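Okay, structure first, notes after.
The values are calculated or read from the model by the stated rules, or taken from the named source; none is laboratory data. Keep in mind that this is a model prediction, so the values were computed, not measured. Here Cβ is always computed from backbone atoms with ideal geometry, including for glycine, and neighbour counts include all displayed protein chains. Areas reflect the complete protein model, heavy atoms only, side chains present, ligands, DNA and RNA absent. Shrake-Rupley method; radii C 1.70, N 1.55, O 1.52, S 1.80 Å.
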Amino acid sequence: MRCTVATFYQFVTLPDFRELRPLLLAICAGLKLRGTVLLAEEGINGTVAGSPEAIAALVAELRTGELFGHRLDDLELKFSHASDMPFRRLKVRPKTEIVTLGDRGADPTRQVGVYVDPAEWNDVIAKPDTLLIDTRNAFEVAMGTSAGALNPCIESFRQFKDFAASQLDPSTHRRIAMFCTGGIRCEKASSYLLSRGFTEVYHLKGGILRYLERVPETESRWRGECFVFDDRVALGHGLKERATGNKIK
């Protein structure tokens, strides 16, 4: 069964996130969706799959429904497709952070880097003295990355702080551009760097997925595939999924 896959997040204050959890779970279950949604006081982060009608109903609920009361007006949302259901179950989980860095100074609702649209990204990273950083985990980078990007060689996003402390210096690295799968890690990473004295920090709006969706392959600086956290394993240009035989079993 061909499915629509929705990936979404927003940093927004949700003090009632624990109370929201069972209500959102019931809505997703009623729509027969599968995937994972994380809720925390700092916001929401999820990837779910289902019929096009079910995904549309969920998006409408998130953006304009009574559950969140228009608090998700700035929801970062991307759609892709899967030839089969890419998730085995439905999970809606309360968390301390929707993407774990473990530093209170990193607060994208207070300060964040400059968002760069995919159409402008190639020009931004081509400017002199720009340090391009892939903020993802090492195994993700190994599957594909942008030409010329620095690999932090981290096993989890929490280790980005150690990488920054040992490898980055505000006085030396005056202009930094970062990217990640969907944009969420870069938002928090840019906020973290700004809190540590870096002044010129850019990040790819919508992440690699939006870039692969909108930038023609002939103009792309991407090399390889983009790892995704579901049974499709990876996506290429145009958000095309890899051959069925290479999927996780």
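Filter region 170-214 for residues that are under 23 Å from SER156 (Cβ atoms) and of a type in the set (S, T, N, Q) and give the result. The answer is THR181, SER190, SER191, SER195. Checked against (1) open to solvent by less than 10 Å² (accessible area, probe 1.4 Å); (2) within 20 Å of the chain's Cα centre (by Cα), LEU38 meets all criteria but (1). Residues in region 128-177 that are more than 28 Å from VAL233 (Cβ to Cβ) and of a type in the set (S, T, N, Q) were compared, and the one that is least open to solvent (accessible area, probe 1.4 Å) is THR130. Look at region 220-238 and say how many of its residues are surrounded by 19 or more Cβ atoms within 10 Å (Cβ to Cβ) and either of a type in the set (A, V, I, L, M) or in a helix (DSSP H, G or I) (or both). Counting residues in region 220-238 that are surrounded by 19 or more Cβ atoms within 10 Å (Cβ to Cβ) and either of a type in the set (A, V, I, L, M) or in a helix (DSSP H, G or I) (or both) gives 2. In the condition set (1) at positive phi; (2) of a type outside the set (Phe, Trp, Tyr); (3) in contact (Cβ under 8 Å) with a residue 24 or more places away in the chain; (4) open to solvent by 20 Å² or more (accessible area, probe 1.4 Å), SER51 is compliant with all but (1).
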